[in-house]
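Undergrad: Supplied in structure tokens, the structure appears directly below.
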Amino acid sequence: IILLATEPFLRNLRQRLLIILLIAVLPILGVIFYQAKLARDVQIAEAQESAWQIAENVAIRQARFIDSARQLLMLLADTPEVETPGCSKFLRRFTGHNDLYVDLGVAGPDGTVRCAADQDKVGTSIASTSDFQRAMAVKEFAIGDYALRGALARKSVGFALPVLSSGGGATVVYAALDVTWINQLAAENSLPGEV
């Protein structure tokens, strides 16, 4: 009889103890989940800030490289050496001092290379490259698409500048800039490399 009388009492006591335990534990769990959400939100905000800084860094460097390429092509367009037989030697010396440029040369209006830092390119055609086609279409400095260029087939972006003569013809000065600096930037900022 004592066991029967105490069984409902013990069951009721156990339920009350569980309720008291839940009342004590639930707020603690709520605080833990809230702190975890706050920490996650902070990490997301930091990641976004870091991504914006990296994107801004890349944009600034890209603008500098484009400006450098434009200035180089304008300088070459005004240099009399690009119209002489020693043009290839002149361009080779330049690319020897500046390894960012994969390809550098002068082509006629039909795209035939007249002079290039890589002597093997002389006589070939660059008419199919996007930078050459855009430069001829707009008659000003043009940026091409991502491509493999140079003797070692390095990844690059092409630039071209038509130099209009008084007779209506055009000589196109072109350059291809190596884009490995993007991978270097990714390595500096612990980003994954190219896929």
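The values are calculated or read from the model by the stated rules, or taken from the named source; none is laboratory data. The structure displayed is predicted, hence computed values, not measured ones. So basically every Cβ, Gly included, is an ideal-geometry build from the backbone, and we count neighbours across all protein chains shown. All accessible areas refer to the heavy atoms of the entire protein, side chains included, with ligands and DNA or RNA removed. Shrake-Rupley method; radii C 1.70, N 1.55, O 1.52, S 1.80 Å.
Undergrad: Quick one: how many residues across the stretch 113-134 are part of a helix (DSSP H, G or I) and open to solvent by 30 Å² or more (accessible area, probe 1.4 Å)?
TA: Of the residues in that region, 5 qualify.
Undergrad: Which residues, taken from the stretch 63-94, are part of a helix (DSSP H, G or I), closer than 20 Å to residue 119 by Cα and open to solvent by 100 Å² or more (accessible area, probe 1.4 Å)?
TA: Of everything in the stretch 63-94, those that are part of a helix (DSSP H, G or I), closer than 20 Å to residue 119 by Cα and open to solvent by 100 Å² or more (accessible area, probe 1.4 Å) turn out to be 83, 89, 92, 93.
Undergrad: With the condition kept exactly as written, say whether any residue in the stretch 161-168 is in contact with a strand residue (DSSP E or B) (Cβ under 6 Å, 6 or more places away or on another chain), on the phi < 0 side of the Ramachandran plot, open to solvent by 10 Å² or more (accessible area, probe 1.4 Å) and at pLDDT 90 or above. Before the answer, list the steps.
TA: We begin by selecting, within the stretch 161-168, every residue in contact with a strand residue (DSSP E or B) (Cβ under 6 Å, 6 or more places away or on another chain); these are 161-164.
Subset that is on the phi < 0 side of the Ramachandran plot: 161-164.
Those still in the list that are open to solvent by 10 Å² or more (accessible area, probe 1.4 Å) too: 161-164.
Okay, now just the ones that are also at pLDDT 90 or above, so 161-162.
Yes, the conditions are met somewhere in the stretch 161-168.
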